[in-house]
1. So what J values fall out for the stretch A:10-16 if you push phi through Karplus, 6.51 cos²θ - 1.76 cosθ + 1.60 with θ = phi - 60°, rounded to Hz, Gly and Pro as x?
2. Can you give the Rg to Rh ratio for the stretch B:44-140, taking only C-alpha atoms and Rh from Kirkwood?
3. Which translational diffusion coefficient, to the nearest whole µm²/s, is obtained for chain A from the Stokes-Einstein equation, given a Kirkwood hydrodynamic radius over C-alpha pairs, 10 °C and 1.306 mPa s?
4. Counting alpha carbon pairs within less than 8 Å and at least 6 residues apart, what relative contact order, in whole percent, applies to the stretch A:4-201?
5. Kindly state, to the nearest 0.05, the FRET efficiency for A:Lys514 paired with A:His302, given R0 = 45 Å and r defined as their beta-carbon distance.
6. Relative contact order of chain B: what whole-number percent is it, with Cα pairs under 8 angstrom and at least 6 residues apart?
7. With θ taken as phi - 60° and the coefficients 6.51, -1.76 and 1.60, list the Karplus ³J(HN,Hα) couplings across the stretch B:119-127 in order, rounded to whole Hz; mark glycine and proline as x.
8. Dividing the alpha-carbon Rg of the stretch A:237-401 by 2.2 N^0.38 Å yields what?
Amino acid sequence: MWSNVLYIDLDKGEHTIRDRADLFDKYLGGTGVATQLLLEECPAGVDPLSPQAPIILSIGPLTALLPCASKAVSMFKSPLTNEMGESHVGGRLAMAMRFAGYDSIVIKGRSDKPSYLSIHDEEVKIKDAASIWDVSSIEVTGQILRNVEPGKGRRSIMRIGEGGVNQVRYANVNVDTYRHFGRLGLGAVFGSKNLKAVVISGTEEIDIPDMSAFKKMYNKLYNSVVDTDVMDKYHDLGTAANINVLNQLKGLPTKNLKQSSFENAESLSGEYFADNLLFRKIACSNCPIGCIHIATLKTQFHKGHEFEFRHISYDYELIYALGTNLGITLAEDVLRLIDRCERYSLDVLSAGGVLAWATEAYERDLITPSDTLGIALRWGDTDKYLKALDQIVKMPNKFYQALAKGTAVAAAEYGGEDYAINLAGVEIAGYHTGPSSIIGQIVGVRHSHLDNGGYSIDQKASSQQLTEEKMVDKIIYEDYWRMVNNSLVCCLFARGVYSEQIMIDSLASVGIKKTRDELEALGKEIFLAKYQFKKQEGFDLGRIKVPSRFYETVSQLGKVTPETIDNMLTLYREKTGV
Amino acid sequence: MPSRIKVANPNRCIGCFSCMLACSRTNVNSVSLIDSAIDIRTSGGLESAFVIIVCRACHDPPCARACPTGALTPRDGGGVVFNKDLCDGGKSCAQACAHACLPGAIHFNRSGMPLICTHCGVCSKFCSHDVLELIKVEVL
């Protein structure tokens, strides 16, 4: 029904639009279609930072139509892991793509000079970004683009900061100031294409085949999002509520996962942030929840009550990565570190993971002041971490060049692999809850805690005594069904609302008939297609090494043993065939 | 007693656009932002406050005075009633609204027809943060 793909060739400076109903009819949209486009467009074994490597963006059949269908999917080859890259974003991008009339966008090639893309309805232009290429801050870049581009008021602006321009392997793409295509280095891919930014807006009017059925569905979903408590967690304290919860359960990675609880957790808690620093909450387009928590950081820069203030979005993962995991004791210092990563468009989880490994390696004299250029990395020392972040982006020597490639690469060069906290080459999310979290991030298609919510299966296991096989079954169920969810594309925060039946009914309300069995089979097919790409690029579940630190530090479910991980991984591979 | 839309708590807006989608869904049977008679936007990106533009329900509305074809006539309780058969798409109404110390609440759909608020209140029903309210007004 909606199947327009915009192909942009930065080499030739050309674009075409093709109707890909063949893909959208079968794979719905979002991650389902993006996976197929990646398989079509990405040559096997390609350097992820070469012109031939594509960037794919996709929305789905529910985007901008039903509440919380507010996310856009990106796919690419990851410069961090050298295999499949996928990341999702909220903000305004998904709705802007819908109303601009593009269900997917494929960007290939490399611009011969710094450029940005200007996409407003049918007008698609590659424009000169000479004046903004060296602007290090994503905030200033956004301000400049707002002044020169059309679509004022509701457009979406993706852009990279200096981290992306310099191709730090975990640079993210900032979207609409407070949201990100994070984790697997899409920002570096932008940088490699000389692509600084993409601005999108549109004015389409969407016709729905059966408006009265659609309205009924809309109302039902809106009410369950707004009037029930199913989304409370996200709009009250937000995800930051997890700090106190996981700290008590011993699931909160602290000081490079030397500990799983933090003596100062209370001062970094969601409660502390909300009571003392929270300034406002805003929403992604088409989502009435408003889970984007924004703090104000007010700092004095001179005597005589001279203050500067910054607005910084925060979430649980960020507070873990640049807080507990670095032994930071003040929430305000966590904000300073988040702000620095934001400025450069660095993925916060990876930046925090890299700094945590480097701190421990420094502590153990594995790296020296001559490596760090005199920066004495120490738990809790915010000023040192700020300086180290500057150096990671500038990459003045071999050590910082290694840090800019991620924890796994740095440890392979300098040692300390037993405490290089990564799974499948990706710095972990903020959970040390037990075996499902570890397995979930290893097997997850994008090695994200959100691929299958392994942490939440551990939490269930703590009360229900799940066997290892049962946990694996639950991981597989989530792996498959979240492929469906991510093809629609609904926000995973609303997964409590979008049950299997609600997904079926929602699709029907916009004219797409699918049965439960069809959706389940589709989820599995998309999952396997992703593994096809992963294997093609050399990913092998048989070669994963789990750093021993994961086994040494007690988790919510006690100490995890290598035997458990081996057994669960074997079961997972038997059951899925990957 | 007639009603009108009031921007009761502008600073509570989270920018979800549910109100605009409700307006176009209900009044135009489409999913779109430009078919909405109310207009929520940022001015300076998400770092800034949201701007909420709605029909102010004027008594003696300048848009009706400016309309040369009689498509807009004053409504009981303020604002106007729109007769689309009489509209020639000339846009005088929008200019009058924007120039009379008013918010520029009239804009146009893709085919150039104005979107005129009927003060039905559906936007306020889909505002989860009490930004918009439907209030009763005396007929003057």
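1. Computed from phi, the couplings for the stretch A:10-16 are 6, 5, 8, x, 10, 9, 9 Hz.
2. For the stretch B:44-140, the value is 0.99.
3. For these conditions, the coefficient is 67 µm²/s.
4. Computed over the stretch A:4-201, the figure is 23 percent.
5. That gives a FRET efficiency of 0.15.
6. 35 percent
7. 6, 6, x, 5, 4, 5, 5, 9, 9
8. Compared with the compact-globule rule of thumb, the stretch A:237-401 sits at 1.06.
Throughout, read-outs are computed from the coordinates displayed, never taken from laboratory work. Keep in mind that what you see is a predicted model, and the values were worked out from it rather than measured. Every residue, glycine among them, receives a Cβ derived from its backbone with ideal geometry; neighbour counts consider all protein chains shown.
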